[in-house]
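**Student:** Next up is a structure, given as structure tokens.
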Amino acid sequence: MKQIWIITNKELKGYFDSLMAYILIVVFLGLSGFFTWLYGNNDVFYINRATMQPFFGIAYWTLFIFIPALTMKQLAEEFKTGTIELLLTKPVSDWQVVTGKFLATFFLIAITLALTLPYYISIANIGPIDHGSVLTGYLGLLLMSAAYISLGIFASSITSNQIVAFLLALIIGIFFQILFGIISRAFPGMPGDVLSYLDMQYHYQSIIRGVIDSKNIIYFATIIIGGLMASELSLVKRNIN
């Protein structure tokens, strides 16, 4: 665990040593605040109800774009600069490297979401709010973010080009974000049910409505662990070659 935390701390500090973390936080807060309070048919004042649902809706799509931008350099940059070989000569395993990088990005997202708590406090002062749905909404965002981070790290593990890693993570994400749900409607019976189950929006929407179902937790856990294991295997394959 010590090696994982060392890598996590190094990577998280790296985000804040560059402009990446600050850009993410400022742009995310700006976009989410704008669409939550001021714009569209779902902002708080338009629907005239104390709810965080407008925020959870826009945050879901914003993070979907931002996370590939954060993960694209995690391993691709190490391959390009050759520092991955130096890192792996130290007493750390491939799994510890992957997990450390995953946790660093996850903590950055968690910090960013924590900075939106004033939205919650402000809306709660406007009128009665369902505190349980707010809690599950943040849980849904964290689970969704963790899933996309693991997929993004996998995309970064199979190329040394950051742009390719970004596009690959985005394409993989589009299947979970949009395409599985659309394709499932064309297939009746079990194939349709399987494709529908792969649709991330279905599980996310279920959680932010306040429903904590084991199948939703299993779904996100499977993607997270699967993405990290695939990243580890990719590193092992590179080391063998």
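**Student:** In debye to the nearest 20, how big a dipole does the chain give about its Cα centre with +1 on each Lys and Arg Cβ and -1 on each Asp and Glu Cβ?
**Tutor:** I would put it at about 220 debye.
**Student:** Can you compute the FRET efficiency between S93 and I25 using 1/(1 + (r/R0)^6), with r the Cβ-Cβ distance and R0 = 45 Å? Round to the nearest 0.05.
**Tutor:** 0.90
**Student:** Give me the number: length gained by fully extending Q201 to L139, i.e. 0.36 nm times residue separation minus the C-alpha to C-alpha distance, one decimal in nm.
**Tutor:** 20.9 nm
**Student:** Related question: Can you check what the net charge comes to around I178, using other residues whose Cβ is under 15 Å from the Cβ of I178 (Lys, Arg +1; Asp, Glu -1)?
**Tutor:** Numbers: positive: R185; negative: D199.
Net charge around I178: 0.
**Student:** I've got another one for you. Is there a quick way to get the dipole size of the stretch 64-190? I mean about its Cα centre, with the Cβ of Lys and Arg at +1 and of Asp and Glu at -1; what is the value in debye to the nearest 20?
**Tutor:** Dipole about the Cα centre, nearest 20: 100 debye.
**Student:** Given the Cα-Cα distance of F107 and T83 and 0.36 nm per residue of separation, how much length would full extension add, in nm? Before the final figure, lay out each step's value.
**Tutor:** On the way: separation 24, 0.36 × 24 = 8.64 nm, distance 2.31 nm.
My answer for the length gained is 6.3 nm.
**Student:** Going down the table (K10/K80; K2/K73; K13/K237), which pairs top 26 Å between alpha carbons?
**Tutor:** K13/K237
**Student:** Enumerate the residues in the stretch 90-123 having an amide nitrogen under 18 Å from the point lying 7 Å beyond the Cα of K13 toward its Cβ.
**Tutor:** 90-92, 97, 100-108
**Student:** Report the full-extension gain for the segment L38 to D193: residue separation times 0.36 nm, less the Cα-Cα distance, to one decimal in nm.
**Tutor:** Here the segment from L38 to D193 would lengthen by 52.0 nm.
**Student:** Going highest first, how would you order 3-10, 53-60 by mean Cβ packing within 10 Å?
**Tutor:** 53-60, 3-10
**Student:** Hey, another quick one. If you compute Cα extents along the principal axes in Å for the structure shown, which of (i) 51, 40, 34; (ii) 52, 44, 36; (iii) 59, 48, 31 do you land on?
**Tutor:** (iii)
**Student:** How far is it, in nm, from the label point at I126 to the one at A114 when both lie 7 Å from their Cα along the line to the Cβ?
**Tutor:** 2.6
**Student:** When a/c is below 1.5 the answer is rounded, else prolate if a/b is larger than b/c, else oblate, so apply that to the stretch 60-155 with a ≥ b ≥ c taken from the square roots of the Cα gyration tensor eigenvalues.
**Tutor:** It is prolate, given that a/c is not under 1.5 and a/b is the larger ratio.
**Student:** Please give the calculated 222 nm ellipticity per residue for the chain, where each DSSP H segment of at least 4 residues contributes -39500 (n - 2.57) and the sum is spread over every residue; nearest 500 deg cm²/dmol?
**Tutor:** Computed mean residue ellipticity for the chain: -25500 deg cm²/dmol.
Rule-based calculations on the coordinates, nothing more; no lab input. Note that the coordinates shown come from a computational prediction; the quantities given were computed from them, not determined experimentally. Quick reminder, even Gly has a Cβ in these numbers, built from the backbone with ideal geometry, and neighbours come from all protein chains shown.
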